[in-house]
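Heads up, the thing below is written out as structure tokens.
Taken together, the values in this text are just the output of simple stated rules run on the coordinates, not laboratory data. Owing to the predicted nature of the structure, the values given are computational and were not obtained by experimental measurement. Cβ coordinates were reconstructed from backbone atoms using ideal geometry, including for glycine residues, and neighbour counts include every protein chain displayed.
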Amino acid sequence: MPKWFLDSMMPMVTVLQTVVLHGVFLSAVSADDVVEFFTDNGFGNAVATIQHPCAEYAAGKTFLAYQGPHEDPYVCSYDHTTGRWAGPFKAGVSALGTRPDPTKPDNHGRPALVVDNAGYVHVVFGGHGGSPLLGHNEFGAHGSGQQMHAVTTRPGDISSWEILDNVPPFGTYSQFVKMDDGDIYLFYRHGPHCSDWVYQKSTDNCRTFSPPVSVLKFKAQQDDPNIRDSWYAWFNRGKGDTIVCMYIYHPCLAVDHNKQRVNVYHMKMNCADSTWENAAGRELILPVTKESADELTLVYNSGTTKVNHGVCHVDETGAAHLFFRHSAGSVRYTRWLGNSWQEPTAPTTVPGSQDGDMIVDSPTSIRLLLHGSREGGGSEVCWWNSADGGLTWQKGETVISSPDVGYNVSSFVHAATPEAQIIVEEHDPRSSDLHRRLFLWGEKGFVGRPASEARVSR
Ligand code: ZN
């Protein structure tokens, strides 16, 4: 063999070996280094149950929205056919991201997400009252941020977004309710505490909305104007063409303001004629005031004990099941028995707050998926199940558990598949880093993602 040939072969062999080794190295990494989280650029309290749904399954993909860096809305999608993830893509710029102290995120403008019947993905985000520069707020006061609406430029493709200037800037706690016929209701509080809760209806895939309709009235009490009636509400699909709601009361003091929240309420909307009624079927006059709420929609009188909003679902008979958060720790569950509300029960006696969402399989089979404190210390996300209509509870499967870090959860993915049901957020109380790892959980565990995709450079 001529020497020139050997000389020329040597580098080639080296190159070939390198290519092969590099190929082995790459395949080894991509095979082994699948992580359980789908992103690490959640920011602050990146998901919560009140801005909901923040995720939806549609046409083979699960779409997930969350609060990312600068409180901007970010969206990922998981393709159930190919097993591949897309995103995170930034869907818009939140006006809450320019706060003076970035270590204290506002968190009110987390995105809510809906997929319309044409396949476009929408997020509403960024609001917490809006400044007076944004105009007169006919349903309340001013605050910060700006409620905005972004939509994908193509159906099912989250890589490109545009802003639709068609929602009031004052809204916060944005919530979507989608009906079987494709009508979409957008509920929100029309500003800070001193504001009504309203809805707007869209019959054209959120290209236009009806003017806001006030549902819950903010007002100063006649006898003591220092006490102003304020609310926290959670809206959801009911049976058929109805929407159900659970809400709690905040006595919003003008002087000596505090975070007191009391009492639990429920009501229902008949979408066919836009009427509202209580659990017993008595019609309500809108907007519902504190006086009429106390008289007609009260589920639980908490006295001076602090409670907070939870979620509300219905069984096949249309009866409402709800849970609310209780200052003593565990959530409290109750359901409508046809003529009264069942005495609330607590799934656990472990102290520490809980929150999450609920699946009502039947009037007597109820499952709660909650984050909360772990017996003996630490945090966990686990199921609590009842087979007797919520009279007794058994601890079910643990989704995730740790002695060190804490968890939050979103509400359930709307129209979820069994393998992708809820977003879990992890936060480490020992760290000042506000970036969060987010996990998508389903019956096969966490939906994994290659580390190179899940670790977002910041
Ligand atoms: Zn207040």
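Overview of results
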item: Extension reserve of the residue 301-residue 419 stretch, reckoned as 0.36 nm per residue once the Cα distance is removed; result: 38.6 nm
item: FRET efficiency estimate (nearest 0.05) - Cβ-Cβ, residue 219 to residue 398, R0 35 angstrom; result: 0.20
item: Förster-model FRET efficiency, 22 Å R0, residue 118 and residue 163, C-beta, rounded to 0.05; result: 0.75
item: Label-reachable residues, the stretch 309-345, where backbone N falls under 11 Å from a point 7 Å from residue 387's Cα toward its Cβ; result: none
item: Additional length obtainable on full extension of the chain from residue 452 to residue 434, 0.36 nm per residue less Cα span; result: 4.4 nm
item: Dipole axis of the stretch 268-425 (+1 Lys, Arg; -1 Asp, Glu on Cβ), positive-most option in 298, 287, 366; result: 298
item: Chain lengthening between residue 282 and residue 227 when straightened (0.36 nm per residue, less Cα-Cα); result: 17.0 nm
item: The chain - charge dipole about Cα centre, Lys and Arg +1 at Cβ, Asp and Glu -1, debye rounded to 20; result: 540
item: Residue (of 127, 148, 91) at the positive-pole extreme of the stretch 66-164, dipole from beta-carbon charges; result: 91
item: Label-to-label distance, nm, for residues given as residue 33 and residue 255 (7 Å Cα→Cβ offset); result: 6.3
item: Among the listed pairs 104/268; 306/395; 61/90; 104/290, those beyond 27 Å (Cα-Cα); result: 104/268; 104/290
item: Simple Cβ-charge dipole of the stretch 403-444, Lys/Arg +1 and Asp/Glu -1, about Cα centre, in debye nearest 20; result: 60
item: The stretch 129-267: Lys pairs at Cα distance under 25 angstrom, eight or more positions apart or on different chains; result: 8
item: FRET efficiency estimate (nearest 0.05) - Cβ-Cβ, residue 154 to residue 340, R0 30 angstrom; result: 0.05
